[in-house]
Amino acid sequence: MAFEKLSESVDRLNTNVQSLIHSNTEYYKLKAFKQGMKGATSLVRFLIMGFLLSTAGIMISFALAIVISEAIGVASSGYFIVGGFYLIVFALIFKFGKEPIEKLILKKFSKLVFNENEE
């Protein structure tokens, strides 16, 4: 009699543990999917915004180069001046921008991934 009750209890415990493991597995699958989708949507949004910003930057750069060329009177001088400006900006970012850019990206994605207040 006591052995049968113990056996029943062990069977129920086994069933409950298996159920718990299954529930935890499903929870972590959903959590991983949620985090993955947050990252994917952020990436797509970043790419779209980057494309639009780049296109606007190119148009403004051409317009500025034309204005400078007309002001100086030499047709290609504005393009060289704008190109030189971008080379200087690139060199400055290459030399001094690695750490601030990494910190900014880490902060943004840490907030995105670890912010559980949205649930």
* Here are Ser61, Ser69, Ser42: which of them is polar (S, T, N, Q) and within 22 Å of the chain's Cα centre (by Cα)? -> Ser42
* To do: Report yes if Ile66 is outside any loop (DSSP other than H, G, I, E, B), surrounded by 11 or more Cβ atoms within 10 Å (Cβ to Cβ) and modelled with pLDDT of 90 or more, otherwise no.
  => yes
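I'm checking my understanding of the structure. Among residues of segment 14-63 that are in contact (Cβ under 8 Å) with a residue 12 or more places away in the chain and polar (S, T, N, Q), which one is surrounded by the most Cβ atoms within 10 Å (Cβ to Cβ)? Quick ask: steps written out before the conclusion?
Kept after step one, since they are in contact (Cβ under 8 Å) with a residue 12 or more places away in the chain, are these residues of segment 14-63: 35, 38-39, 42, 61.
Checking which are polar (S, T, N, Q) leaves us with 35, 42, 61.
Numbers: Gln35: 13, Ser42: 14, Ser61: 16.
My answer is Ser61.
Count, please, the residues in segment 70-119 that happen to be more than 30 Å from Lys31 (Cβ to Cβ) and not in a helix (DSSP H, G or I). First the steps, then the outcome.
Of the residues in segment 70-119, the ones more than 30 Å from Lys31 (Cβ to Cβ) are 70-100.
If we keep only those that are not in a helix (DSSP H, G or I) as well, we get 73-76, 97.
Matching residues across segment 70-119 total 5.
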* Structure fact -> Filter segment 8-31 for residues that are of a type in the set (A, V, I, L, M, F, W, C) and at pLDDT below 90; the one that is farthest from Phe109 (Cα to Cα) is Val10
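Which of the residues spanning segment 1-35 are outside any helix (DSSP H, G or I) and among the basic types (Lys, Arg)? If you could, list the steps in order and put the result at the bottom.
Here is the first cut: in segment 1-35, the residues outside any helix (DSSP H, G or I) are 1.
Once the filter is applied, which keeps residues that are outside any helix (DSSP H, G or I) and among the basic types (Lys, Arg), segment 1-35 yields nothing.
The values are calculated or read from the model by the stated rules, or taken from the named source; none is laboratory data. If you're wondering where the values come from, they're calculated on a predicted model, not measured in any experiment. Virtual Cβ from ideal backbone geometry, glycine too; neighbours counted across all protein chains shown.
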